[in-house]
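The values are calculated or read from the model by the stated rules, or taken from the named source; none is laboratory data. Only a predicted model underlies this, so the values are computations on that prediction, with no experimental measurement involved. Ideal geometry is used to build each Cβ from the backbone, glycine not excepted, and the neighbour counts take in all protein chains shown. SASA here: full protein model, heavy atoms, side chains in, ligands and nucleic acids out. Shrake-Rupley method; radii C 1.70, N 1.55, O 1.52, S 1.80 Å.
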Protein chains: 2
Amino acid sequence: MSGTEELLVAGVDVGGTNIEVGLVGDGHEVRARGKVATPDGGPEEVLTAIADLVRSMGAEPAAVGVGIPGVVHDGRVLTVPNLENWHEHVAVDSELADRLGVPVALGNDADVGLLGEWLDGAAKGATNALGVWMGTGIGGGLILDGRPYHGARGAAGELGHVIIRADGALCSCGRRGCVEAYAGRRSMARIASALVEAGRSTSLFDIQQDEGKPRLTSKVWARALDEGDEMAHELIDAAVAGIGLAVGSCLNLLDLELVVIGGGLAEKLGQPLADRIGSATRPWVLQPHPDLQFVVSTLGDDAGVVGAAALARASVIGH
Amino acid sequence: MSGTEELLVAGVDVGGTNIEVGLVGDGHEVRARGKVATPDGGPEEVLTAIADLVRSMGAEPAAVGVGIPGVVHDGRVLTVPNLENWHEHVAVDSELADRLGVPVALGNDADVGLLGEWLDGAAKGATNALGVWMGTGIGGGLILDGRPYHGARGAAGELGHVIIRADGALCSCGRRGCVEAYAGRRSMARIASALVEAGRSTSLFDIQQDEGKPRLTSKVWARALDEGDEMAHELIDAAVAGIGLAVGSCLNLLDLELVVIGGGLAEKLGQPLADRIGSATRPWVLQPHPDLQFVVSTLGDDAGVVGAAALARASVIGH
């Protein structure tokens, strides 16, 4: 369209490890990217980091969309179990809009990631789909009856807090037996540390050091699996089994045709991870959809950024 | 409306214990009722019983709606874990339509029960609601974003097969750890028998005999609770705890504002049962809706019949 200037929107994906930003064009293309480690000092630091990151992109976006790993309602973040020192409700949309001078839309990171995949990725055109985001925590998003589903207050999709074991492991949310307590990267790191303290050996922490990472990142897990580390295999097996059980419950409740696996771990392990989760899920499903598919995210790291930008377009600037 | 004859539709509620029929008027009023024990010889016997029961009502209905405790897709029953000797897919709609000479609509019993409550009962006007039907098995139905949700093939809502314990008790569906294995009346009867064989005592089976019931019906459970039977209290406590956990997972996934408790046990135990399930659920909910309510079915036994008739009106005769 010569003569028509492309409207750029910034999509921001706030993770437990990194904050990523992308300047996204009309057709969901990411024109430029930026990234910074997620600060651990609470909401003020996170808001400043987001604003600095968006400004650092050079071009001024028409709007900003933000996906955040917590329960989001009406532009406010209600709870964020996987960001350090964030204990209060914060109106992220207006706080950021004040700093950046453009409208800001806010969503849950997994909802926003699935929105990206649904508009331009692995869930494109799906009518009934679940997105499972495997990162620091376990996020989830839903497409039901052909549209994103957010629930009564936008708090839907918390697959990570489906309970798989009544008397189970302690979760970062303070409850017991949530699937995130078995399959979230933070929980898996905690279990690995406990096992090492109990005398088990693993190359996980050597690999972490070798890679110069501050924690057991998805890359560290992927390398440990590659190198045949027994504990890494054991913990990933348990994570896959846990996710399979939670997704099985979810399919029995919602009768879906598609499950998209995304997030850091999916980015590193690819379709084989989605296949393994499919195999772990099927035994739990009462009446599996004959065309039920498990696919890995095709947008990868960009899913959150693309989805957040699309959210901003839809809710703030109307296209 | 003088001069306008009311259009009567038959609603049929097929349960693990009884088949109930109602002739239902335009405004969801049940004009006449009938009931027969559910035969245990498989689909042919069940179809004959339904047809005989509908014929026995005297008036010829304009259509028939049927709710059945299984996975229903396109008028076919795919699986029915709680009816005896029913192992094949059966096109209940056309089979019954042939016998009765009127159009027949088919739905899952819990979906249909919640439809009744949503049109004219405890869930009237709800935007995001779960129906939990506590009978022979545990059924579930969903209202999402202001309309009934059935999933990709109409198999959604199977709350009874949300898994609450990875290595848990055997369920009637053949899997392990489903909430129905703890809270379905059939499973509870099996556990009670096993406990008696193991030397525990209970008045449950004496009450059953005294009431002349072929099994531990909801009435038997209610009386045992009333009379302070320890085992009855123990098993109902476990059922409530299990339902609370499953509903908690469901609320974390779907962010609902209302949970309706129905079915035989709810009919006998009333709002206190809904209150207890509310208390058992809340500790599992990540971010409970501030107006979250747990209410007992107001249509009671009529929910399934009213919902089935409404399904027939909507899908077969267009009003």
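Brief remarks on what is shown
- With both residues required to sit in the range A:125-296, DSSP beta bridges show an antiparallel share near 55%.
- Candidate lysines for bridging to A:Lys268, where Cα separation is under 25 Å - those fewer than 8 sequence places away on the same chain excluded: A:Lys35, A:Lys124, A:Lys213, A:Lys219
- Dimensionless Rg over Rh [the protein assembly as shown; C-alpha; Kirkwood]: 1.02
- Think of the protein assembly as shown as having a plus end and a minus end, set by charges on the Cβ of Lys, Arg, Asp and Glu; of A:Ala309, A:Leu159, B:Ala152, A:Leu159 sits farthest toward the positive end of this dipole.
- Expressed in units of 2.2 N^0.38 Å, where N is the residue count, the Cα radius of gyration of the range B:174-319 is 1.18.
- Per residue of peptide A:175-187, the mean number of Cβ atoms on other chains within 10 Å of the residue Cβ is 2.
- Long-range HN-HN contacts of B:Ile164 with modeled amide H, under 5 Å: B:Cys178, B:Val179
- Chain-alone versus full-assembly comparison, the range A:223-255, residues with accessible loss of at least 30 Å² (1.4 Å probe): A:Leu245, A:Ser249, A:Asn252, A:Leu253, A:Leu254, A:Asp255
- Neighbourhood charge, 11 Å Cβ-Cβ cut-off, centred on A:Gly131 and excluding it, Lys, Arg +1 and Asp, Glu -1: -3
- Acute angle (nearest 10 degrees) that the helix B:302-315 long axis makes with the longest principal axis of chain B, alpha-carbon atoms: 40
- Each stretch of four or more DSSP H residues adds -39500 (n - 2.57); spread over every residue of chain A, this sum gives -11500 deg cm²/dmol at 222 nm.
- Annotation: extensible slack from B:Asp226 through B:Asp167 equals 18.0 nm (criterion: 0.36 nm per residue apart, minus Cα-Cα distance).
- Principal-axis analysis of the Cα atoms of chain B puts helix B:109-120 at an angle of about 70° to the longest axis.
- For the range B:125-296, the residue among B:Cys173, B:Gly137, B:Leu292 whose Cα projects farthest onto the positive side of the dipole built from Cβ charges is B:Cys173.
- In the complete set of protein chains, residue-level accessible area for B:Lys213 is approximately 70 Å², probe 1.4 angstrom.
- Cα centroid separation, the range A:150-170 to the range B:263-298 (Å): 18
- For B:Gly125, the point set 7 Å out from Cα toward Cβ sits 4.2 nm from its twins in the other copies, listed from shortest up.
- With 20 Å² as the minimum drop in accessible area between chain alone and full protein complex (1.4 Å probe), the qualifying residues in the range B:72-109 are B:Thr79.
- Here the protein assembly as shown is assigned +1 on the Cβ of each Lys and Arg and -1 on the Cβ of each Asp and Glu. Its dipole about the Cα centre then comes out at about 580 debye.
- Note on chain B: with charges restricted to the Cβ of Lys and Arg (+1) and Asp and Glu (-1), its dipole about the Cα centre is near 480 debye.
- Size of the B/A contact, given as accessible area buried on both chains, probe 1.4 Å, in Å²: 4100
- Charge dipole (Cα centre; +1 on Lys/Arg Cβ, -1 on Asp/Glu Cβ; no other charges) of the range A:46-118 amounts to roughly 100 debye.
- Rounded percent of accessible protein surface that carbon and sulfur make up, the range A:125-296, 1.4 Å probe: 48
- Over 20 Å [Cα-Cα, the range B:119-181], rounded percent: 36
- HN-Hα J in Hz across the range A:216-229 - Karplus 6.51, -1.76, 1.60, θ = phi - 60°, x for Gly and Pro: 6, 7, 4, 4, 4, 4, 4, 5, 4, 4, 4, 8, x, 5
- With all protein chains kept in place, the per residue accessible area of the protein assembly as shown amounts to 37 square angstrom at a probe of 1.4 angstrom.
- Between the range A:11-88 and the range B:8-76, the Cα center-to-center distance that results, in Å: 55
- At least 40 Å² of accessible area lost relative to the chain alone, listed for the range A:269-296 with a 1.4 Å probe: A:Trp284, A:Leu286, A:Gln287
- Modelled spin labels at B:Ala238 and B:Glu211, positioned 7 Å past Cα toward Cβ, are 2.0 nm from each other.
- Unit Cα scatterers, Debye sum, chain B: log10 I(q)/I(0) for q = 0.13, 0.16 Å⁻¹: -0.90, -1.34
- Look at the dipole of the protein assembly as shown built from charges on Cβ: of A:Tyr182, B:Leu265, B:Leu114, the Cα furthest out on the positive end belongs to A:Tyr182.
- Per-residue accessible area (protein heavy atoms, 1.4 Å probe) orders B:Trp284, A:Trp221 as B:Trp284, A:Trp221, starting from the largest.
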